[in-house]
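K.L.:
Please find one structure pasted underneath; my questions will follow.
The values are calculated or read from the model by the stated rules, or taken from the named source; none is laboratory data. As the structure is a prediction and not an experimental result, all values here were calculated from the model. A quick note on method: Cβ atoms are made from the backbone with ideal geometry, for glycine too, and the neighbour counts reach across all protein chains shown. With ligands, DNA and RNA removed, areas are computed over all heavy atoms of the protein, side chains included. Shrake-Rupley method; radii C 1.70, N 1.55, O 1.52, S 1.80 Å.
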Amino acid sequence: MSISLKKAYSACLWLAERKLGIPVEEQRGEWDLEAKDKNLDWKREELVTALPFNYYEHNPLYSYYDDEENTCIDASNFIDGHLFADESDNAFYRYSPNRNRQFFHPQRKEVSETEHEADESIAWNELPLLTIDELDDSSCKEEDKPALASIAAHLTLMEKLQFGEVTAKGFVHFTHFPESITAERNQHTHAVDLPPIYWHNNPIPNYELSSVEEGLQRHMAMISYFDNAKFKPDWDLLSVSEFWHKGIQIEGNFSGWLMEQVRKAFPTPAQATFKPQGKGFLIQFGTDKEGIVRGSKGMTLLYKIMKEYRKSTYNEGSGYALEEIVSDIEQESLRRLGNDNSLSIKQSGSKAGLKQKMKNNLFALISRYYESEDIDEKEEIEDKCCKALNFINKHESSEILRVKDLKNILRQNIDWSQAEESIKLSLKPDDTPEEAKSIESHRKNLENALDKLREQAPHLAYYLGPLKSKKALGLGYNQDPEEFYFICKDSIEWDFG
């Protein structure tokens, strides 16, 4: 499985944040490699200014000796701007004495003047060099935990690349302006392998872009790259350019290692809570703190699946069928209507939309009335029909049909196939909206609910897994027949309210 450098780092960051006890709402990492790709809320400068001096001291990508034999550090690039310090500083400064030189190197001649604010700086924290396995809740002060998580994620991923546990490749990119680095396309470049020896130089990638720049070794890297070229490069242009590898992809058994770590972080609990409360759902699962997750179509659907369609094996036809979902949505509308007409225009959103929905529901109820042969059920449906018609008439300029007339129609022994069209003309119902008929719309609602759980209840989100077609374990759906289900092999004691 090939994944981006960004996703690999984000996963390591999540593991580090968990080990350090950073609250869920403050975590920036993401363990789920199959989750929707999103921006990583992280900047390389955070890592640069958190790493200690000994990380840079003998690192040829970023350090060199000045005329007085002081170690200077230059971690600047086009994306992060100027980041410069020397061994006596306690901050990185927003300037570089090298960015006006050929290849931005201290030993090359000056080619231009640069302006900078020497007073602008970022504090240099110099936190310990710890991998994820070496972390615990007491590894640093509370305020330093995000920065230490950044270091631990970096060192852990570097180790895997350095020892060949995973491999990497990226697109060569020479540029003299930052916009081309953030562009998605990799025009005029080709992919190259980035072997373990490459990572032994301890580069500091721009993980948020899945990219890395060659630092103070960019000139030597260019010479090596063009050594066997069939054309002569424009060295004047290259002398004011940076040498990047973009779009870096990780291959190997990273996902296997990651899921082993995730399982340790997310042990299956003996008891769990998932029940309606107020306008949302009260959830407590494993390491997730008890809390309310706001209600939505997807959360309501997920609750129903987990409560009534949770099985140890899946058989076709045993899931929550699309027809049942549509029927339950209609019944819920009528249930709310029956609560002293509490279904207000404000609650439903659009006045016109609500009226049309109730007409649809009324027509469906009348149809069910004629299809039923159970006397008690017919009485119950008639009562619901009258409530629905009262609500519709209340919000129309004039009565579309009197309740008395509706009762007379229902109590006549008529053929529904003959009465259907005339009643349609009276009510003007729309067919059930296409989106309600489609399993695709409900699938999207479920995926939105899972996205919400990843933020508020990540342990439960891990337990449920991604929603997939014909899934053998976890949350799944089928296209034929159209239905949703949840398969599990555990014995969790659930409280569904």
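K.L.:
If you check LEU148 against the conditions, is it part of a helix (DSSP H, G or I), at pLDDT below 95 and surrounded by 21 or more Cβ atoms within 10 Å (Cβ to Cβ)?
P.N.:
Answer is no for this residue.
K.L.:
Please pick out the residue among SER318, SER255, SER333 that is at pLDDT below 90 and not in a loop (DSSP other than H, G, I, E, B).
P.N.:
SER333
K.L.:
What are the pairs, 6+ residues apart or on separate chains, where a residue within the range 260-277 that is part of a helix (DSSP H, G or I) has its Cβ under 8 Å from a residue that is of a type in the set (D, E, K, R)?
P.N.:
That search, which allows pairs on different chains as well, returns ALA265/ARG18.
K.L.:
Only residues in the range 127-153 that are under 18 Å from TYR55 (Cα atoms) count as the first member; pair them with residues that are open to solvent by less than 30 Å² (accessible area, probe 1.4 Å) and among the β-branched types (Val, Ile, Thr), Cβ under 6 angstrom, at least 6 apart or cross-chain, and list the lot.
P.N.:
LEU127/ILE151; THR131/THR156; ILE132/THR156; ALA152/THR131; ALA152/ILE132
K.L.:
Next question. Return yes or no: is GLU483 modelled with pLDDT under 90 and either over 26 Å from LYS264 (Cβ atoms) or not in a helix (DSSP H, G or I) (or both)?
P.N.:
no
K.L.:
While we're here: Filter the range 21-52 down to the residues that are over 18 Å from the mean Cα position of the chain (by Cα) and of a type outside the set (A, V, I, L, M), then identify the one that is most open to solvent (accessible area, probe 1.4 Å).
P.N.:
By that ranking, first place goes to LYS43.
K.L.:
Looking only at the range 283-296, which residues are in contact (Cβ under 8 Å) with a residue 60 or more places away in the chain and either surrounded by 19 or more Cβ atoms within 10 Å (Cβ to Cβ) or closer than 17 Å to VAL24 by Cα (or both)?
P.N.:
ILE283, PHE285, GLY286, THR287, ASP288, LYS289, GLY291, VAL293, ARG294
K.L.:
Quick test of your reading of the structure: ALA75 fulfils all but one of (1) out of contact with any Phe, Trp or Tyr (no Cβ under 9 Å at 6 or more places or on another chain); (2) modelled with pLDDT of 95 or more. Name the failing condition by number.
P.N.:
Going through the list (1) out of contact with any Phe, Trp or Tyr (no Cβ under 9 Å at 6 or more places or on another chain); (2) modelled with pLDDT of 95 or more, ALA75 breaks only (1).
K.L.:
Having 2 or more residues that are modelled with pLDDT under 75 and surrounded by fewer than 16 Cβ atoms within 10 Å (Cβ to Cβ) is the bar; report the helices (runs of 4 or more DSSP H) wholly within the range 363-449 that clear it.
P.N.:
Because the criterion is at least 2 residues that are modelled with pLDDT under 75 and surrounded by fewer than 16 Cβ atoms within 10 Å (Cβ to Cβ), the helices (runs of 4 or more DSSP H) in the range 363-449 that meet it are 416-427, 434-437.
K.L.:
Does the range 53-69 hold any residues that are open to solvent by 50 Å² or more (accessible area, probe 1.4 Å) and in contact with a Ser or Thr (Cβ under 8 Å, 6 or more places away or on another chain), and which are they?
P.N.:
Within the range 53-69, GLU57, TYR65 meet the criteria.
K.L.:
Additional query: For the range 5-16, how many residues meet the condition of being more than 27 Å from SER76 (Cα to Cα) and either of a type in the set (D, E, K, R) or open to solvent by 30 Å² or more (accessible area, probe 1.4 Å) (or both)?
P.N.:
0
K.L.:
Quick check on the range 256-282: of everything there that is farther than 30 Å from VAL326 by Cα and of a type in the set (Phe, Trp, Tyr), which residue is surrounded by the most Cβ atoms within 10 Å (Cβ to Cβ)?
P.N.:
PHE266
K.L.:
Residue under question is PHE266, and the condition is that it be under 21 Å from the mean Cα position of the chain (by Cα) and aromatic (Phe, Trp, Tyr); does it hold?
P.N.:
Considered against the rule, which asks whether it is under 21 Å from the mean Cα position of the chain (by Cα) and aromatic (Phe, Trp, Tyr), PHE266 comes out as yes.
K.L.:
All but one of (1) at pLDDT below 95; (2) over 29 Å from the mean Cα position of the chain (by Cα) hold for TRP124; which doesn't?
P.N.:
(1)
K.L.:
Same structure again: What helices (runs of 4 or more DSSP H) completely inside the range 173-247 contain at least 3 residues that are without any contact (Cβ under 8 Å) to a residue 24 or more places away in the chain and open to solvent by less than 30 Å² (accessible area, probe 1.4 Å)?
P.N.:
Output list is empty.
K.L.:
Right, something else. Select from the range 152-172 the residues that are open to solvent by 20 Å² or more (accessible area, probe 1.4 Å) and not basic (Lys, Arg) and write down the one among them that is nearest to CYS12 (Cα to Cα).
P.N.:
So, considering only residues that are open to solvent by 20 Å² or more (accessible area, probe 1.4 Å) and not basic (Lys, Arg), the one nearest to CYS12 (Cα to Cα) is LEU155.
K.L.:
Looking only at the range 278-315, how many residues end up being under 14 Å from ILE492 (Cβ atoms) and part of a helix (DSSP H, G or I)?
P.N.:
Here the count works out to 2.
K.L.:
Are any residues in the range 195-240 modelled with pLDDT of 90 or more, hydroxyl-bearing (Ser, Thr, Tyr) and in contact with a Lys or Arg (Cβ under 9 Å, 6 or more places away or on another chain), and if so, which ones?
P.N.:
Scanning the range 195-240 gives TYR207, SER210, SER211.
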